[in-house]
């Protein structure tokens, strides 16, 4: 059972690309925060949809994955700092 307003996550593997999708209901403030995060990620070379959908290619190596994690952490810290 999932909390109210949340649908279960799903992972799809197609042509070597893993896709994780999770749908949630958001408040207007949460939606605005997600748009800011997506914009900041894009400014740093990471693409993510405004619905929160992101993809990882299975051929990505350690360096690419580490860069993705570091970028996401930096963008989250920017959001916390305001």
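The values are calculated or read from the model by the stated rules, or taken from the named source; none is laboratory data. Please read these numbers as outputs of a predicted model, since none were measured by experiment. Every residue, glycine among them, receives a Cβ derived from its backbone with ideal geometry; neighbour counts consider all protein chains shown.
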Seminar exercise, completed: Going through the stretch 61-82 in order, the residues found to be free of Cβ contacts under 8 Å to residues at least 12 places away in the same chain and surrounded by 14 or more Cβ atoms within 10 Å (Cβ to Cβ) are 67
Seminar exercise, completed: If we ask which residues in the stretch 24-60 are in contact with a helix residue (DSSP H, G or I) (Cβ under 6 Å, 6 or more places away or on another chain) and loosely packed, with under 13 Cβ neighbours inside 10 Å, their number turns out to be 1
Seminar exercise, completed: Only one of 52, 67, 45 is within 9 Å of the chain's Cα centre (by Cα) and either part of a loop (DSSP other than H, G, I, E, B) or modelled with pLDDT of 85 or more (or both), namely 52
Seminar exercise, completed: Counted residues in the stretch 34-51 being farther than 21 Å from residue 82 by Cβ and touching a residue at least 12 places away in the same chain (Cβ under 8 Å) come to 2
